[in-house]
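To start, the structure itself, in structure tokens.
The values are calculated or read from the model by the stated rules, or taken from the named source; none is laboratory data. Here the structure is a predicted model, which is why all the values come from computation and not from measurement. Cβ atoms come from the backbone with ideal geometry, glycine included; neighbour counts cover every protein chain shown. Surface accessibility is based on the protein's heavy atoms, side chains included, excluding ligands, DNA and RNA. Shrake-Rupley method; radii C 1.70, N 1.55, O 1.52, S 1.80 Å.
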Amino acid sequence: MLPNLVVDTTVLPPADRFEFWYALIAQETGPVHITSARLDDFVAYAQAIDLGRIRMASLRYPSLLATRPAGLIRRAQADIYQLTLPLTGRSTLVQDRTETALVAANHFTLLDTARPHIARHRADSPGLATTITVQIPYAALPLPPDRVRRLLATPMSSGPGVAGLLAHHLRSIAAHPEQYEPNQAEMLGAMALDLLAATLAQRLDIEGVLSPETRHAALRARVVAFIDRHLDSAELNPRSVAAAHHISLRSLHRLFDGEATTPAELIRAKRLERCRRDLGNPLHARQPVHLIAARWGFSDKAHFSRLFRARYGRSPQAYRAAHTAADR
């Protein structure tokens with residue numbers, strides 16, 4: 001599991017919960033003034049995850065107003081951006097006379113902790129607001145701060161494109177930190193930085209200032225996401241992937257230089273994994289193996305069986321039988 005700190009205020013007496021949360025937020029995101037109608041019984045949860053050069057937090061809390069005036073900034077570490085990605089509830093953020101209402105799960109924005117700002121978060125009733133935040137040092141983002149300032153507190157869609165890949169990447173880490181090894185933290189943080197830099201540069205129309213490495217990483221992430229979305233397509237192959245991204249087949253292979261897999265191997269491995277999941281799913285217990293294989297691009301039953309056995313050490317039928325017996 002990734003290195004992380006988990007906090008649950010409900011383990012404390014109600015009268016102590018808000019003060020504890022207040023201190024935690026000051027430590028994780030910088031000092032702020034917080035007010036809430038729930039101060040007497042502040043039920044909130046937090047999980048902070050170290051990702052190398054950046055630090056991420058998944059937060060759940062009741063409706064609140066957070067204000068960061070200039071007086072608090074002088075007493076705190078500055079030169080840090082904060083990415084805010086609300087997952088539930090309603091959020092409004094104000095900085096540099098820009099006010100933005102974010103649609104939960106559809107938008108994120110960037111704040112500069114060296115500048116005053118206001119954040120209003122309203123929880124859906126009943127329930128708690130849920131937000132992912134990421135603390136990013138100026139020096140970790142390879143873009144001029146004066147350019148980035150133009151995007152502070154502006155909404156950025158987390159739909160299709162590189163911004164969507166960034167949001168999906170952060171949500172995946174927050175939802176399942178246990179699926180990653182501790183030594184992957186630096187890599188996951190670097191990937192988030194590359195995707196954020198590519199997103200901001202695209203919005204600012206300054207993609208030319210990005211390093212070749214950052215552009216390479218962002219394009220590779222787009223390619224992998226495209227493969228994930230089209231695994232059930234009979235047309236999916238390295239040539240169609242290259243064409244969809246307007247690059248040559250040779251350039252596509254170059255994206256995977258230094259990796260342990262080629263584009264064709266990646267497609268095959270991901271399709272086999274989808275087959276493995278379906279074979280172990282009780283909802284598909286009566287579906288013939290060859291139909292599951294065909295759904296994920298394997299039209300030749302014998303060829304599929306050989307590939308499955310080579311990867312998982314047993315035939316598809318034996319794998320299904322073992323998981324069926326285990327579920328009884």
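Couple of notes before you dig in:
- Among the residues of the range 281-291, not a single one is out of contact with any Lys or Arg (no Cβ under 6 Å at 6 or more places or on another chain), surrounded by 14 or more Cβ atoms within 10 Å (Cβ to Cβ) and closer than 24 Å to A167 by Cα.
- Complete set of residues in the range 214-223 that are within 21 Å of W296 (Cα to Cα) and open to solvent by 30 Å² or more (accessible area, probe 1.4 Å): R222
- Only listed residue being at pLDDT 95 or above and either among the hydroxyl-bearing types (S, T, Y) or surrounded by fewer than 16 Cβ atoms within 10 Å (Cβ to Cβ) (or both), chosen from T92, T113: T92
- So A302, is it free of Cβ contacts under 8 Å to residues at least 40 places away in the same chain, open to solvent by 40 Å² or more (accessible area, probe 1.4 Å) and more than 25 Å from the chain's Cα centre (by Cα): yes
- Filtering V7, V43, V11, V32 for residues that are open to solvent by less than 50 Å² (accessible area, probe 1.4 Å), aliphatic (A, V, I, L, M) and over 30 Å from R115 (Cβ atoms) leaves a single hit, V43.
- Test for L85: is it touching a strand residue (DSSP E or B) at 6+ places or on another chain (Cβ under 7 Å), more than 23 Å from H176 (Cβ to Cβ) and modelled with pLDDT of 95 or more: no
- Among residues that are open to solvent by 20 Å² or more (accessible area, probe 1.4 Å), touching a residue at least 24 places away in the same chain (Cβ under 8 Å), of a type in the set (G, A, S) and in contact with a strand residue (DSSP E or B) (Cβ under 8 Å, 6 or more places away or on another chain), G127 is included.
- Per the listing L252, L236, L272, the residue uniquely surrounded by 17 or more Cβ atoms within 10 Å (Cβ to Cβ) and part of a loop (DSSP other than H, G, I, E, B) is L236.
- Residue list for the range 162-197, restricted to those being within 12 Å of the chain's Cα centre (by Cα), among the hydrophobic types (A, V, I, L, M, F, W, C) and open to solvent by 50 Å² or more (accessible area, probe 1.4 Å): A175, M191
- In the range 255-267, of all residues being open to solvent by less than 20 Å² (accessible area, probe 1.4 Å) and assigned to a helix (DSSP H, G or I), the one that is nearest to I227 (Cα to Cα) corresponds to I267.
- Counted as qualifying within the range 1-112 are the strands (runs of 3 or more DSSP E) with 2 or more residues that are within 30 Å of G161 (Cα to Cα) and over 23 Å from the mean Cα position of the chain (by Cα), namely 90-95, 98-103.
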